[in-house]
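To start, the structure itself, in structure tokens.
The values are calculated or read from the model by the stated rules, or taken from the named source; none is laboratory data. If you're wondering where the values come from, they're calculated on a predicted model, not measured in any experiment. Positions of Cβ are generated from backbone atoms using ideal geometry, with glycine treated the same way; all protein chains shown enter the neighbour counts. Accessible surface is based on the protein model in full, side chains and every heavy atom, while ligands, DNA and RNA are left aside. Shrake-Rupley method; radii C 1.70, N 1.55, O 1.52, S 1.80 Å.
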Amino acid sequence: MRIIRSPAAMAAWSEGLRREGVTIGFVPTMGALHDGHRSLIRAARLGSDALVVSVFVNPTQFGPGEDLTRYPRSLARDRALCRRERADVCFEPTETAMYPKGYQTVVTVPEIARRWEGAVRPHHFQGVATVVTKLFGIVRPHFAWFGQKDYQQAMLVRQLVKDLNLGVKIIVRPTVREPDGLAMSSRNVRLSVEERAVAAMLYTSLQEGREAIRRGITNASAVQKAMASVIEQEPLLTTDYLAVCDPRTLEPLTRITSKAVLLGAVRVGSVRLIDNLVVSAPRKRRGKMVERISATWLPSPAPR
Ligand code: PAF
């Protein structure tokens, strides 16, 4: 596995392979790799001829007072994981290589970034959209893999690829969970023992919402209350939002008639956790509720 630090060298490597007709797969990360990343890297390894994993803690997606300086970093372990998973390149640009003096351009996807994560973290999605656009411009992948845990991010990336004609196919993989249901995240290592013990309640709350929908509750505010009742039991958890939304637009729903995405973000100590579940309302057949089989599902952006 090669370690490439310069964007110019990365672009030259990719350009050479593209000319030979080699398909390039890409997994962008901020490092501190875990089994969620591993599942993306494995899928990417199977789905492309050449595989690039980037490790770059992107400062522009952290707002003032957020956890940029405390964000976990484990470069040696990340490289070892990439090597074991047979990545061809670990791309590790420096901050000055990505944002040299005089850097000006930003990318925004205003509609998708308006709610939820974007409302709580106002600069976050502009930073994500900008760095992903830059990484795609450097790595020039044919395919890129993202995790469903960051549902809104995945939607935003799909939208920007479409709007800017970037020609990258975005593949979204299911969230990987700890045995108690906690969604894997690089930030989980910062949870204390006490915090870790209650962190999976976010997933429990989403499950509670899903069960309510499966029982036939179609009133979104009743489902939201069912989710909130779980979080309210635990004083260590503070809710940023718990929402029942249209999976294609992320607008809050009032009634759940087909699919919904349940979005949740809570704080435990200094750590923020986010998670989501996509749920199908049961169909009524001859007076009986019939549950729809719902695999993990993430829609393409709604047509305009
Ligand atoms: O999901 C992440 O780890 C980051 O937001 C990403 C996509 C690598 C951009 O910095």
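So is GLU211 out of contact with any helix residue (DSSP H, G or I) (no Cβ under 7 Å at 6 or more places or on another chain), open to solvent by less than 60 Å² (accessible area, probe 1.4 Å), farther than 14 Å from LEU253 by Cβ and of a type in the set (D, E, K, R) or not? Even if it seems obvious, please write down each step before you answer.
Working: out of contact with any helix residue (DSSP H, G or I) (no Cβ under 7 Å at 6 or more places or on another chain): yes; open to solvent by less than 60 Å² (accessible area, probe 1.4 Å): no; farther than 14 Å from LEU253 by Cβ: yes; of a type in the set (D, E, K, R): yes.
Against the criterion (out of contact with any helix residue (DSSP H, G or I) (no Cβ under 7 Å at 6 or more places or on another chain), open to solvent by less than 60 Å² (accessible area, probe 1.4 Å), farther than 14 Å from LEU253 by Cβ and of a type in the set (D, E, K, R)), GLU211 does not qualify.
For residues in the range 103-113 being farther than 21 Å from VAL27 by Cβ, part of a loop (DSSP other than H, G, I, E, B) and out of contact with any Phe, Trp or Tyr (no Cβ under 9 Å at 6 or more places or on another chain), which is farthest from the ligand (Cβ to nearest atom)?
The extreme case among them is GLN104.
If you take the residues in the range 241-275 that are in contact with a Cys (Cβ under 9 Å, 6 or more places away or on another chain) and in a strand (DSSP E or B), which one is surrounded by the most Cβ atoms within 10 Å (Cβ to Cβ)? Please lay out each step first, then the result.
Looking only at the range 241-275, we keep the residues that are in contact with a Cys (Cβ under 9 Å, 6 or more places away or on another chain), and these are 251-253, 260-263.
Subsequent filtering for residues that are in a strand (DSSP E or B) retains 252, 260-263.
On the way: PRO252: 17, ALA260: 26, VAL261: 24, LEU262: 29, LEU263: 25.
It comes out as LEU262.
Would you confirm whether any residue within the range 138-148 is aliphatic (A, V, I, L, M) and open to solvent by 10 Å² or more (accessible area, probe 1.4 Å)?
Taking the range 138-148 and keeping what is aliphatic (A, V, I, L, M), we get 138-139, 144.
Those still in the list that are open to solvent by 10 Å² or more (accessible area, probe 1.4 Å) too: 138.
Within the range 138-148, one or more residues are aliphatic (A, V, I, L, M) and open to solvent by 10 Å² or more (accessible area, probe 1.4 Å).
Please determine whether any residue of the range 114-124 is in contact with a strand residue (DSSP E or B) (Cβ under 9 Å, 6 or more places away or on another chain) and β-branched (Val, Ile, Thr).
As a first pass, look at the range 114-124 and keep what is in contact with a strand residue (DSSP E or B) (Cβ under 9 Å, 6 or more places away or on another chain): 115-117, 119-121.
Pick out the ones that are also β-branched (Val, Ile, Thr) and you get 120.
The answer is yes; a qualifying residue exists.
Exactly one of (1) within 11 Å of the ligand (Cβ to nearest atom); (2) of a type in the set (A, V, I, L, M); (3) not in a strand (DSSP E or B) is unmet by MET155. Its number?
(1)
Run down PRO122, PRO141, PRO100 and say which single residue is without any contact (Cβ under 8 Å) to a residue 40 or more places away in the chain and away from the ligand (no atom under 11 Å from the Cβ).
Exactly one of PRO122, PRO141, PRO100 is without any contact (Cβ under 8 Å) to a residue 40 or more places away in the chain and away from the ligand (no atom under 11 Å from the Cβ), namely PRO100.
Is it the case, given these coordinates, that ARG86 is away from the ligand (no atom under 16 Å from the Cβ), part of a helix (DSSP H, G or I), more than 27 Å from ALA119 (Cα to Cα) and in contact (Cβ under 8 Å) with a residue 40 or more places away in the chain? If you could, list the steps in order and put the result at the bottom.
Details: away from the ligand (no atom under 16 Å from the Cβ): yes; part of a helix (DSSP H, G or I): no; more than 27 Å from ALA119 (Cα to Cα): yes; in contact (Cβ under 8 Å) with a residue 40 or more places away in the chain: yes.
Judged against the criteria, ARG86 is not a match.
ILE171 is checked against (1) assigned to a strand (DSSP E or B); (2) more than 11 Å from the chain's Cα centre (by Cα); (3) within 12 Å of the ligand (Cβ to nearest atom) and fails just one. What number does that condition carry?
Among (1) assigned to a strand (DSSP E or B); (2) more than 11 Å from the chain's Cα centre (by Cα); (3) within 12 Å of the ligand (Cβ to nearest atom), the lone unmet condition for ILE171 is (3).
Could you pull out the residue among GLY36, GLY25, GLY16 that is touching a Gly at 6+ places or on another chain (Cβ under 8 Å) and in a helix (DSSP H, G or I)?
Working: GLY25 fails: in a helix (DSSP H, G or I); GLY16 fails: touching a Gly at 6+ places or on another chain (Cβ under 8 Å).
Among GLY36, GLY25, GLY16, only GLY36 is touching a Gly at 6+ places or on another chain (Cβ under 8 Å) and in a helix (DSSP H, G or I).
Looking at (1) away from the ligand (no atom under 13 Å from the Cβ); (2) surrounded by fewer than 15 Cβ atoms within 10 Å (Cβ to Cβ); (3) closer than 30 Å to ARG267 by Cα, which is the only condition GLU95 fails?
Of the numbered conditions (1) away from the ligand (no atom under 13 Å from the Cβ); (2) surrounded by fewer than 15 Cβ atoms within 10 Å (Cβ to Cβ); (3) closer than 30 Å to ARG267 by Cα, the odd one out for GLU95 is (1).
Residues that are away from the ligand (no atom under 11 Å from the Cβ) and not in a helix (DSSP H, G or I): does the range 131-138 have at least one?
Quick first cut of the range 131-138, residues away from the ligand (no atom under 11 Å from the Cβ) only: 137-138.
Narrowing further to those that are not in a helix (DSSP H, G or I): none.
The answer is no, given that none of the residues of the range 131-138 is away from the ligand (no atom under 11 Å from the Cβ) and not in a helix (DSSP H, G or I).
Answer yes or no: is there a residue in the range 124-133 that is over 19 Å from MET10 (Cβ atoms) and open to solvent by 80 Å² or more (accessible area, probe 1.4 Å). If you could, list the steps in order and put the result at the bottom.
Of the range 124-133, the ones over 19 Å from MET10 (Cβ atoms) are 124-129.
Filter again for open to solvent by 80 Å² or more (accessible area, probe 1.4 Å), leaving none.
No, that holds for no residue.
From GLY25, GLY63, GLY36, GLY31, grab the single residue that is farther than 17 Å from PHE146 by Cα, open to solvent by less than 20 Å² (accessible area, probe 1.4 Å), within 16 Å of the ligand (Cβ to nearest atom) and in contact (Cβ under 8 Å) with a residue 24 or more places away in the chain. Let's see the steps before the verdict.
Details: GLY25 fails: farther than 17 Å from PHE146 by Cα; GLY36 fails: farther than 17 Å from PHE146 by Cα; GLY31 fails: farther than 17 Å from PHE146 by Cα.
The unique qualifying residue is GLY63.
So ALA50 ticks every box in (1) crowded, with 19+ Cβ neighbours inside 10 Å; (2) within 16 Å of the ligand (Cβ to nearest atom) but one. Which box is left unticked?
(2)
When the range 66-79 is examined, which residues are found to be open to solvent by 60 Å² or more (accessible area, probe 1.4 Å) and farther than 24 Å from LEU40 by Cα?
Taking the range 66-79 as the starting set, the residues that turn out to be open to solvent by 60 Å² or more (accessible area, probe 1.4 Å) are 69-70, 73, 75-77, 79.
Within the range 66-79, THR69, ARG70 meet the criteria.
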